[in-house]
Amino acid sequence: MSITPFRTVTSREIYGADISGLQDAVNKVETVLDMQAASIVNHSLLAVSDQPEPAMHRRIYEGTIRNWLESPVPVIRRDGVVVPIGEYTLYSAQGMVIFHQQQPTDAVVTADVTYIVAVSPLLSHVGSGGLAHAAASSGSAGFMSASDKARFEALDLLRYRRAGLYHAGINGLTPAPVSTAAGVLDMVPFYVPITQTFDRIAINVTTAAAGNARLGIYADSGEVYPGARLLDAGVVTTGTTGIREMIINIALAPGLYWTVRQQDATPSLQAISGHGLIALGSADLATMVTGWRVTRAYIDGLPDPFPAGASQLTGSRPVVFLRRA
């Protein structure tokens, strides 16, 4: 770590360079932290009246909020009226104005300013896990390891789902047909990193079976388990092969969701291999959980909320696809 070698100032006159050095150090810290700003209007400025010379009273006005920015330019008001800039000298960093002339005893002086606040994007990285990355910044790893950052970025790539294309929950790796069961609710996780709108919901029937499939979307309960029903899209036929889709219009905010499929027949559907889905954990350290299943008669439809007590599914999962609008 590199630090400025400030020394204790002995009993001597303080030089301008002493103050400049401190100011430069503060500015560098603010730059690294990418300090944020806020705005306030009609911030009261207090008159300084403790000088021995009475003629100097009520010329200096200070705010209790300091560290003003110079852009946008602070607006100084006296009794609610904007004061011409030629009547005072502005000291933004100190949160102070000095009038060229003494102000009336009953003058009310205020300022509209934008000022630096004790908020930095790096604060949101604290506690994110891992070690401090060597190239940490507000735009890169933050306070997490490079490997942790890579994992987050892998999910973050889902923000680049292209409009007009179908997408699975996480990745579309090694699609292959998988047989299905009737009379169950099968849930597969679907992650959304930024707000995205979807205009189609679909399955791909690879081996037909006379019957229908009901499709929908659930929110997460907060326990990595389906919760409230967000969409019952209706039914598509499984009696012929090919993409079976329905028009929808749903915007999903960032978070974890669950796509659901319920059938009264047993077609084979296009599936995504287990390593292309969210790993929901492992009970036996040999297989990873990739979904949930609840037994439910097809005629009963999609419940709201999703019932408790679902069994864990492992391996490749037949996927309900969403098309980004």
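For every residue, the table says whether it meets (1) closer than 23 Å to Gly183 by Cβ; (2) assigned by TED's automatic domain parsing to the domain that holds Phe198; (3) touching a residue at least 60 places away in the same chain (Cβ under 8 Å).
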| residue | (1), (2), (3) |
| --- | --- |
| Ala210 | yes, yes, no |
| Ala213 | yes, yes, no |
| Tyr218 | yes, yes, yes |
| Leu256 | no, yes, yes |
| Gln262 | yes, yes, yes |
| Thr290 | yes, yes, yes |
| Asp304 | yes, yes, yes |
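Candidates are the residues of the stretch 209-220 that are part of a strand (DSSP E or B) and not basic (Lys, Arg); the one that is farthest from Arg159 (Cα to Cα) is Asn212. Quick check on my filter: what residues within the stretch 178-208 are crowded, with 18+ Cβ neighbours inside 10 Å and assigned to a loop (DSSP other than H, G, I, E, B)? Answer for the stretch 178-208, where residues must be crowded, with 18+ Cβ neighbours inside 10 Å and assigned to a loop (DSSP other than H, G, I, E, B): just Thr180. As for the stretch 221-229, it holds no residue that is touching an Asp or Glu at 6+ places or on another chain (Cβ under 6 Å), at pLDDT below 95 and surrounded by fewer than 20 Cβ atoms within 10 Å (Cβ to Cβ). Among the strands (runs of 3 or more DSSP E) confined to the stretch 9-116, the ones with at least 1 residues that are of a type in the set (Lys, Arg) and surrounded by 13 or more Cβ atoms within 10 Å (Cβ to Cβ) are located at 75-78.
Take the residues in the stretch 159-181 that are touching a helix residue (DSSP H, G or I) at 6+ places or on another chain (Cβ under 9 Å) and within 16 Å of Val320 (Cβ to Cβ); name whichever of them is modelled with the lowest pLDDT.
Of everything passing the filter in the stretch 159-181, Gly172 is modelled with the lowest pLDDT.
Restricting attention to the stretch 292-317, report how many residues are farther than 11 Å from Val184 by Cβ and of a type outside the set (D, E, K, R).
Number of matching residues: 13.
Kindly establish whether Arg296 is farther than 19 Å from Tyr166 by Cα, in the same structural domain as Val205 (by TED's automatic domain parsing) and basic (Lys, Arg). Yes: the conditions hold for Arg296.
Answer yes if at least one residue in the stretch 130-147 is more than 18 Å from Ile272 (Cα to Cα) and modelled with pLDDT of 60 or more, and no otherwise. Scanning the stretch 130-147, I find no residue that is more than 18 Å from Ile272 (Cα to Cα) and modelled with pLDDT of 60 or more, so the answer is no. Output the residue which, of all residues in the stretch 300-317 that are in contact with a strand residue (DSSP E or B) (Cβ under 6 Å, 6 or more places away or on another chain) and among the small types (Gly, Ala, Ser), is surrounded by the fewest Cβ atoms within 10 Å (Cβ to Cβ). So, considering only residues that are in contact with a strand residue (DSSP E or B) (Cβ under 6 Å, 6 or more places away or on another chain) and among the small types (Gly, Ala, Ser), the one surrounded by the fewest Cβ atoms within 10 Å (Cβ to Cβ) is Ser311. Just to be sure, is Val320 β-branched (Val, Ile, Thr), in contact with a Lys or Arg (Cβ under 8 Å, 6 or more places away or on another chain) and surrounded by 15 or more Cβ atoms within 10 Å (Cβ to Cβ)? Yes.
The values are calculated or read from the model by the stated rules, or taken from the named source; none is laboratory data. Computed from a prediction, not measured in an experiment: that's the story for all the values here. Cβ sites come from the backbone with ideal geometry, for glycine too, and all protein chains shown count toward neighbours.
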